[in-house]
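The values are calculated or read from the model by the stated rules, or taken from the named source; none is laboratory data. Given the structure is predicted, the values throughout are model-derived calculations rather than measurements. As a convention, Cβ positions derive from the backbone with ideal geometry for all residues, glycine included, and neighbour counts pool all protein chains shown. Surface areas here come from the heavy atoms of the whole protein model, side chains and all, with no ligands, DNA or RNA. Shrake-Rupley method; radii C 1.70, N 1.55, O 1.52, S 1.80 Å.
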Amino acid sequence: MAAALASSPLVHLTASRPRLPSPRASVASSAPGCSRGVCLGWRLAAGWRAGRRCERLRCYSSDGGGGEEGEKRGEEEASAAAAPGEELGSERSRSGSFSSSSSSAGTPGVSSEPSLLSFSVDNIDTVKLLELLGPEKVDPADVKAIKENLFGYTTFWLTKEEPFGDLGEGVLFIGNLRGKREEIFAKLQRQLRELTGDKYNLFMVEEPNSEGDDPRGGPRVSFGLLRKEVSEPGPTTLWQYVISLLLFLLTMFSCVELGIASKISSLPPEIVSYFTDPNATGPPPDMQLLLPFVESALPVAYGVLAIQIFHEIGHFLAAFPKNVKLSIPFFIPNFTLGTFGAITQFKSILPDKKTMFDISMAGPVAGAALSFSMFFVGLLLSSNPVGANDLVEVPSQLFQGSLLLGLISRATLGYRAMHAATVSIHPLVIAGWCGLTTTAFNMLPVGCLDGGRALQGAFGKEALFGFGLTTYSLLGLGVLGGPLSLTWGLYVLICQRTPEKPCLNDVSDVGTWRRAALIASVFLVVLTLIPLWDELAEELGVGLVTSF
């Protein structure tokens with residue numbers, strides 16, 4: 001039985017378990033009066049790597065002529081266990097939990113004293129598995145060196161330590177700041193690189209559960225330490241490139257589909273009657289007639305796709321001078337607006353909140369500028385009778401989908417043109433409308449959208465949480481976006497709900513003008529996504545309002 005136990009370290013010991021002797025009682029248990037066949041002890045070899053994370057059971061017996069040798073080895077091991085009692089206790093606490101209980105009363109020579117340890121061997125394996133699969137933790141030796149060499153009376157007076165990170169893989173140093181936070185933080189970062197190289201990242205964050213602000217102004221700060229392989233984003237993989245390419249092709253198809261839908265009224269009559277009339281007979285129409293129709297629908301597709309590409313170029317242009325790496329954009333197709341936009345990840349740790357704000361706002365500003373240019377130029381071309389051949393007929397109720405865009409269209413085209421069943425507009429109006437609507441949705445202050453990142457940089461994670469709940473509620477009620485609200489709400493929940501990771505300097509303020517710009521942007525977003533209600537649409541003459 002001992003051999004079976006020794007060969008299977010993960011076995012769950014239940015009824016018959018050898019008792020682990022206490023370090024102080026080990027010498028007495030190895031006295032000559034002890035019976036033969038006594039299990040002298042457990043040896044648990046625990047470490048931080050998978051190759052050393054195992055436990056071994058050694059049982060020495062006098063059977064087979066080896067009694068005196070077994071007792072002698074037991075005495076040596078018991079006396080060795082009595083000396084480093086503290087190391088054995090600390091090793092037990094690090095290794096997890098294990099159990100030791102007395103064996104059955106019918107087994108001779110086994111003590112029936114109550115167990116001193118009441119842990120389960122299975123718990124050892126679970127803890128070790130979590131340690132193996134979990135993130136790499138900070139080295140205690142490095143923590144000791146950092147405490148001795150970085151912190152002090154002139155920089156940061158350390159008072160206590162707490163776990164830091166999503167899984168407690170880092171260390172949070174809490175204490176009192178002894179100078180201007182930006183200068184102290186830069187000094188600590190420089191000294192950390194000199195001490196440990198590029199092994200760790202140091203974060204300056206607000207002190208959790210702080211009772212008051214710093215006497216010098218602003219919140220009290222603490223410093224978090226994480227390993228670089230844990231805190232920094234990973235590189236873009238080959239599969240991500242493949243997925244990005246496939247999504248871009250699908251987005252191109254959805255944009256072409258949007259252009260075709262906008263030109264549906266100009267389909268050749270032969271093709272419309274053949275596909276819509278169930279009593280149609282005769283040979284199918286010549287599909288070559290569709291080529292001019294598809295070509296006329298391409299400008300809308302090009303316009304929508306160009307707006308989204310320009311949006312992403314804005315992100316990259318803002319990130320380049322700040323040495324921030326971005327992932328390739330993952331365009332998400334949408335058959336109503338052409339695209340949901342693109343998901344672009346940060347591939348570098350952001351140095352501060354200003355950088356997060358500037359990069360997040362650059363994309364929507366660039367996309368909105370191009371979208372509004374297309375929209376306004378399209379309205380001017382729509383009111384010019386010279387270009388009537390290029391116009392397309394769209395339902396006038398389309399302009400009731402946005403309070404801001406509907407009012408601009410009404411002011412440009414006039415009451416007579418807008419108060420009708422259909423409105424003749426240039427394709428640029430459709431491209432600009434879809435681009436502005438997509439940009440407004442991406443500027444919603446929720447999750448990891450551009451608006452959510454900008455709000456997190458300007459006002460912090462707590463404000464993002466409150467605005468996020470409000471945004472989800474308005475989308476669920478259909479207040480923002482009308483019939484598009486449910487689709488966009490699901491998109492945010494599935495793809496963009498997680499806030500951005502903190503910056504290295506997650507405390508410094510972004511400034512008043514950035515906050516004012518964000519507030520103005522959110523106000524314009526709300527005006528763009530709120531539909532025109534029937535009373536106002538009827539009074540302004542935007543579409544034909546049918547009352548029941």
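One residue stands out in the stretch 502-528 among those that are farther than 23 Å from T471 by Cβ and without any contact (Cβ under 8 Å) to a residue 60 or more places away in the chain: the one that is least open to solvent (accessible area, probe 1.4 Å), namely T512.
Criterion applied to K160, K180, K147 was being surrounded by 13 or more Cβ atoms within 10 Å (Cβ to Cβ) and more than 22 Å from Q456 (Cβ to Cβ), and the one residue passing it is K147. If you go through the stretch 227-258 and keep only what is among the β-branched types (V, I, T) and crowded, with 18+ Cβ neighbours inside 10 Å, you end up with V230, T251, V256.
Cβ separations smaller than 7 Å between residues 6+ apart or across chains give the following pairs from the stretch 212-239 residues that are more than 15 Å from F185 (Cβ to Cβ) and among the β-branched types (V, I, T) to residues that are open to solvent by 50 Å² or more (accessible area, probe 1.4 Å) and part of a loop (DSSP other than H, G, I, E, B): V230/E136.
From the list G451, G414, the lone residue that is touching a residue at least 12 places away in the same chain (Cβ under 8 Å), at positive phi and open to solvent by less than 40 Å² (accessible area, probe 1.4 Å) is G414.
Listed here are the residues, each with its yes/no results for (1) hydroxyl-bearing (S, T, Y); (2) at pLDDT below 90; (3) within 27 Å of A369 (Cβ to Cβ).
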| residue | (1), (2), (3) |
| --- | --- |
| Y491 | yes, no, yes |
| T512 | yes, no, yes |
| R515 | no, no, yes |
| I530 | no, no, yes |
| E539 | no, yes, no |
| V545 | no, yes, no |
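Every test in (1) open to solvent by less than 40 Å² (accessible area, probe 1.4 Å); (2) at pLDDT 90 or above is passed by F293 save one, and that test is (2).
Residues of the stretch 429-448 that are of a type in the set (S, T, Y) and crowded, with 24+ Cβ neighbours inside 10 Å: T438, T439.
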